[in-house]
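Input: a single structure, listed below in structure tokens.
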Amino acid sequence: MTDHILIERRGAVQIIRMNRPEKKNALTRAMYAKMSAALSEGDADPAVRVHVFLGVPGAFSSGNDLADFLVIATGGEGGNEVWDFLMALAKAEKPMVSGVDGIAVGIGTTLNLHCDLTFATPRTLFRTPFVDLGLVPEAGSSLLAPQILGRQGAFALLGLGEGFSAERAKAAGLIYDVVAEDALEGAVLAAAAEIAAKPPQALKIARDLMREPREELVARIKLESEHFRERLKSDEARAALTAFMTRKKG
């Protein structure tokens with residue numbers, strides 16, 4: 001349902017809010033498609049100067065809806081909406097700010113690697129169980145995480161699937177600040193409004209200078225996606241995904 005993604009404008013700030021609380025903001029293909037469109041349309045609109053990502057109380061995102069993955073793993077096709085969104089993140093021309101509360105799994109973690117500022121609450125846990133599901137990192141995280149966390153920190157996050165608390169994530173440079181749950185949205189929107197008030201061309205040049213060359217990031221996302229698609233159809237991933245879904249139903 002497209003109402004699982006709510007798009008709102010507050011002045012020059014575009015808010016992209018994941019709104020599927022009953023599934024802890026597990027992302028469906030339709031949700032990815034709507035977020036991609038919002039980023040593209042916001043980038044093309046001079047009235048928008050900042051993109052903001054928010055979730056619901058207790059859940060930024062529990063990651064991809066695994067039912068979608070299981071369809072591909074058991075012989076189905078599809079999933080282009082996911083890769084389109086990852087490319088939209090990598091190519092976004094305007095600053096991105098995120099506010100994370102509670103669950104941040106898979107893309108719920110790796111999305112923030114693309115953000116210019118991320119705020120999280122003390123109860124937030126960042127986790128990427130890709131390998132546990134027989135899969136590989138995505139969203140350019142195999143390139144970005146080692147740069148931010150160092151190789152061993154990145155391996156702990158992406159290889160071991162170790163959870164990072166908000167405080168650990170801040171100390172590692174994964175996020176900007178930790179704020180109280182009831183202060184999260186206010187802090188995020190205040191930061192976004194401050195960014196939106198900056199001279200836009202100077203800010204764009206400064207942001208581009210600070211970020212990884214897009215060509216390298218785009219190439220890494222493409223390489224990851226090739227491995228990811230292959231892994232989805234592997235016996236290893238099919239068994240891991242089926243076991244996870246069975247435990248979930250039980």
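The values are calculated or read from the model by the stated rules, or taken from the named source; none is laboratory data. All of these numbers come straight from a predicted model, not from anything done at the bench. Positions of Cβ are backbone-derived with ideal geometry, glycine not excepted, and every protein chain shown enters the neighbour counts. The area values use the complete protein model at the heavy-atom level, side chains included, leaving out ligands, DNA and RNA. Shrake-Rupley method; radii C 1.70, N 1.55, O 1.52, S 1.80 Å.
So how strong a dipole does the stretch 185-250 carry about its Cα centre when Lys and Arg Cβ are +1 and Asp and Glu Cβ are -1, to the nearest 20 debye?
So the dipole magnitude of the stretch 185-250 works out to roughly 320 debye.
What is the angle, in °, between the Cα long axis of helix 29-44 and the longest principal axis of the Cα atoms in the chain? Nearest 10 is fine, range 0 to 90.
For 29-44 against the chain, the angle is about 20 degrees.
Work out the length of the dipole vector of the chain about its Cα centre, built from +1 on the beta-carbon of each Lys and Arg and -1 on the beta-carbon of each Asp and Glu, and round it to the nearest 20 debye.
So the magnitude is around 180 debye.
Express the relative contact order of the chain as a whole percentage, based on alpha carbon pairs under 8 Å and six or more residues apart in sequence.
20 percent.
Kindly report the accessible area of the stretch 172-225 per residue (heavy atoms of protein chains, probe 1.4 Å, no ligands, DNA or RNA), in Å².
So the stretch 172-225 comes to 58 Å² accessible per residue, rounded to a whole number.
Past 29 Å, Cα to Cα, is the threshold; run 94/170; 198/222; 23/198; 24/91 against it and keep the listed order.
Table pairs above 29 Å Cα-Cα are 198/222; 23/198.
Near the amide H of residue 106, under 5 Å away, which other amide H atoms are found, from residues 5 or more places off or on another chain, if H is placed in the peptide plane?
It is 127, 128, by chain and number.
Tell me whether the stretch 109-229 comes out rounded, prolate or oblate; compute the Cα gyration tensor, take square roots of the eigenvalues as a ≥ b ≥ c, and use a/c under 1.5 as the rounded threshold.
Since a/c reaches 1.5 but b/c is at least a/b, the shape of the stretch 109-229 is classed as oblate.
What ³J(HN,Hα) values, in whole Hz, does the Karplus curve 6.51 cos²θ - 1.76 cosθ + 1.60 give for the stretch 179-196 when θ = phi - 60°, with x put for Gly and Pro?
Result, rounded to whole Hz: 10, 4, 4, 6, 9, 4, 4, x, 5, 5, 6, 5, 5, 5, 5, 5, 5, 4.
Whenever you get a sec, line up 215, 236 from highest to lowest accessible area (probe 1.4 Å, protein heavy atoms).
Accessible-area ranking of 215, 236, largest first: 215, 236.
Can you list residues whose amide H is under 5 Å from residue 123's amide H, if they're 5+ apart or on another chain and H is modeled 1.01 Å from N?
102
Can you give the three extents of the C-alpha atoms in the stretch 49-197 along their principal axes, from longest to shortest, in whole Å?
Largest to smallest, the principal-axis extents are 48, 31, 28 Å.
For helix 141-154, what angle does its Cα long axis make with the longest principal axis of the chain, in degrees from 0 to 90 and rounded to 10?
80
Could you compute Rg(Cα) / (2.2 N^0.38 Å) for the chain, with N its residue count?
0.96
Keeping all protein chains in place, calculate the accessible area per residue for the stretch 1-70 (probe 1.4 angstrom), answer in Å².
40
Before rounding to the nearest 500, sum -39500 (n - 2.57) across all DSSP H runs of length at least 4 in the chain and divide by the residue total; then give [θ] at 222 nm in deg cm²/dmol.
That calculation yields -14500 deg cm²/dmol at 222 nm.
Roughly how many percent of the accessible protein surface of the chain is carbon and sulfur, given a 1.4 Å probe and a whole-percent answer?
57
Within the set of other residues whose C-beta is less than 12 Å from the C-beta of residue 236, count the net charge using Lys and Arg as +1 and Asp and Glu as -1.
Every neighbour counted, the sum reads 0.
Roughly what percent of Cα-Cα pairs across the stretch 84-167 reach past 22 Å?
Percent of Cα pairs beyond 22 Å in the stretch 84-167: 20.
Decide, for the stretch 191-232, between rounded, prolate and oblate: order the square roots of the alpha carbon gyration tensor eigenvalues as a ≥ b ≥ c, take rounded if a/c falls under 1.5, and otherwise choose prolate if a/b is larger than b/c, else oblate.
Because a/c hits 1.5 or more and a/b exceeds b/c, the stretch 191-232 counts as prolate.
In whole Hz and in residue order, list the ³J(HN,Hα) couplings for the stretch 118-128 that follow from phi through the Karplus curve 6.51 cos²θ - 1.76 cosθ + 1.60, θ = phi - 60°; x for Gly and Pro.
Once rounded to whole Hz, the list reads 10, 10, 9, 9, x, 8, 6, 10, 8, 8, 10.
Collect residues whose amide H, placed 1.01 Å from N in the peptide plane, falls under 5 Å from the amide H of residue 65; neighbours closer than 5 in sequence don't count.
27, 28
Short version: ³J(HN,Hα) in whole Hz for each residue of the stretch 96-113, in order, from phi by Karplus 6.51 cos²θ - 1.76 cosθ + 1.60 (θ = phi - 60°), x for Gly and Pro, what are they?
Running phi through 6.51 cos²θ - 1.76 cosθ + 1.60 with θ = phi - 60° gives 10, 10, 10, x, 10, 10, x, 6, 9, 10, x, 4, x, 9, 5, 3, 6, 5 Hz.
How big is the accessible area of residue 82 in square angstrom, nearest 10, if you roll a 1.4 angstrom probe over the protein chains?
Rounded to the nearest 10, that gives 20 Å².
Heavy atoms only, 1.4 Å probe, whole protein assembly: order 208, 3 by accessible area, highest first.
3, 208
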